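Report on the following structure.
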């Protein structure tokens, strides 16, 4: 087990005690952290809830303070507690045996948590393969990757998908740009891809030009519809061009995400959902259940739509386009294809993909991609799908379509597993004017005065992810060079890459999912304040204690056996000892924090914990001259404290996809 704060064991003991003593069944008990450790390690207001339950059951009034006294007497028998006090009108204040717990935390060896049943399928990134990734896509990928890390650390089995919409409108628009705007053939497109250093950047510009081309003559939108049909039917030059373009852009996206240590197990392509008849199968079942209806009048005439759950709101207007499953021209919307895909995720479609391997990812793990061609299929392959629930990281603008996807799946499959499935919505990423200017975005005088600069991929206004990462690495490299001119170029570059990755990931994770982010270079790269580099620096500082000492943490911790319980108790005595205990007990709360973060799919909880732990450690570092401490036992305990925090900080950073360099 990892170092763990024993709050859950106390809660369970109280639940069992109340059930046996009072015949009252509680599923959970609230706990609070007193403002000062001198008031206790945990406070439980359970006596108030118990009094309320007893009155409801028997009609008799009970004094919460007397109930708390009864519980306190029994609770003191629990191993690991120093004492239990009753405070106020009926609070239970629990004090832990500091010496015993500290020794346990220090000597604990890491081991994985017990595996939970079932498999969660997490889909994230899922960028339209029509142009380079932008900063908004990075937020999606970082969020999804971090949720995966948290879930796995919490004992979940997780399968990671990156959905490739290779038959959608965005790919069709780039194909239109090549075939009709530029007059290229598929062979010429392939030649351009070979000659262009960044084919995804070329397509970025072309996509914006196509948008303007449509605006100049709306009749050209007929080319989009025709091209979309050809791609979906896998016919002609459009389909050949679309297949090639999507494949090359996906390679670029994977390379971009690898720079942030993000990878996937399966790339599920939309084309297979059509060609392997996933959609056709799901379509018939949706019609049979009445989940979709055919509109014979109004603006949606000729479309198959999903009626609103609230019949009074089933009118034209709000979210009108989002509830369309099949357009009047016969093409299937993203929502429709997504329903089929999610039925497959849960093993409820009765069909499967063919699979072929891609090149291993940057970690050396094999990545697989779906294919509709049996002659390309490779066996054996991992068992994909058949999940117990699915989680989709998609921007908040897709909340209504995602709700329809879940409704469509549940109309066919009433399995309770679907209820746990969730859309992990997130808000957009903007830039501060300073960040936009640094990236070369031309700003009007009015834009320069704004707090945030928005972006539009269709208009070509945006920040490419690789440009952002490049600039972060350049700025970090300059900082590393100024601090460590003695390091060789490759070492400095490696450290700069680690710092840049930490800066970007942490910045994108420190805001809740529903917060709009305004990215700023100076703020993200600061070595002070709530930033990734600050956390990295804290770990490096803790490691340096042992480097200067000339001994490893394991060697130092072996000395802990020479410290008596009385010496450890004295270490945590008086007001200064309370501060030391506050640091140790907070360090032990990582698993508690992780459990809450994983349950809520909210990495911000781990981010805030890591920052607070780093702040408390740096205060500890400044207040205690560890290496010059004359008392041998106290020095050992101070070193043990530093290593406990280091371990928990490194675990926290690993959950966030951040690695601390050896030097900063």
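Bear in mind these aren't lab numbers, they're just calculated from the coordinates by the rules spelled out. All values reported here derive from a predicted model rather than from experimental measurement. Every residue, glycine among them, receives a Cβ derived from its backbone with ideal geometry; neighbour counts consider all protein chains shown.
Summary table below
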{"read-out": "Spin-label model distance (nm) - residue 27 vs residue 441, 7 Å beyond Cα toward Cβ", "value": "4.5"}
{"read-out": "Rg followed by Dmax, in Å, when region 432-558 is reduced to its Cα trace", "value": "18.2, 64"}
{"read-out": "Angle between the chain longest axis and helix 64-75 axis [Cα atoms, degrees, rounded to 10]", "value": "80"}
{"read-out": "Relative contact order, percent, region 355-444 [alpha-carbon distance under 8 Å, six or more residues apart]", "value": "24"}
{"read-out": "Cβ-based exposure ranking for 198, 248, in which fewest neighbours within 10 Å come first", "value": "198, 248"}
{"read-out": "For region 47-195, fraction of C-alpha pairs farther apart than 25 Å, in %", "value": "66"}
{"read-out": "Shape call, region 188-307: gyration tensor on alpha carbons, a/c limit 1.5", "value": "oblate"}
{"read-out": "Estimated inter-spin distance, residue 215 and residue 615, nm [label 7 Å along Cα→Cβ]", "value": "4.5"}
{"read-out": "On Cα atoms only, tilt of 199-216 relative to the major axis of the chain in degrees", "value": "60"}
{"read-out": "Relative contact order (%) - the chain, alpha-carbon pairs under 8 angstrom, separation at least six", "value": "14"}
{"read-out": "Within the chain, percent of DSSP bridges classed antiparallel, to nearest 5", "value": "50"}
{"read-out": "Tilt relative to the chain, helix 590-600 - C-alpha long axis, 0 to 90 degrees, to 10", "value": "30"}
{"read-out": "Spin-label model distance (nm) - residue 515 vs residue 83, 7 Å beyond Cα toward Cβ", "value": "4.1"}
{"read-out": "Length added when fully stretched, residue 399-residue 383, from 0.36 nm per residue minus Cα-Cα", "value": "2.8 nm"}
{"read-out": "Computed Kirkwood radius, in angstrom, where 1/r is averaged over Cα pairs of region 317-437", "value": "17.1"}
{"read-out": "Order of 662, 230, 60 - criterion: other Cβ atoms within 10 Å of each residue's Cβ, fewest first", "value": "60, 662, 230"}
{"read-out": "Sites residue 20 and residue 280 - FRET efficiency at Förster radius 56 Å, r taken between beta-carbons, to 0.05", "value": "0.45"}
{"read-out": "Burial ordering of 296, 593, 432, 146, fewest other beta-carbon atoms within 10 Å first", "value": "296, 432, 593, 146"}
{"read-out": "Helix-only [θ]222 nm of the chain, DSSP H runs n ≥ 4, -39500 (n - 2.57) each, per residue, nearest 500", "value": "-16500 deg cm²/dmol"}
{"read-out": "Segment residue 365-residue 104, extension gain: residue separation times 0.36 nm, minus the distance between their alpha carbons", "value": "90.4 nm"}
{"read-out": "Using a Förster distance of 45 Å, the FRET efficiency for residue 185-residue 414 (Cβ separation, nearest 0.05)", "value": "0.35"}
{"read-out": "P(r) histogram, all alpha-carbon pairs of region 231-274 included - 10 Å bins from 0, percent", "value": "24, 45, 25, 6"}
{"read-out": "Length-normalised contact order for region 470-593 - Cα pairs under 8 Å, 6+ apart - percent", "value": "16"}
{"read-out": "Value of Rg to Rh for the chain (Rh from inverse mean 1/r over Cα pairs, i.e. Kirkwood)", "value": "1.02"}
{"read-out": "Region 532-655, Cα convex hull volume normalised per residue, Å³", "value": "108"}
{"read-out": "Approximate shape of region 7-96 as ellipsoid semi-axes (Cα gyration tensor, √5λ), whole Å, largest first", "value": "21, 14, 11"}
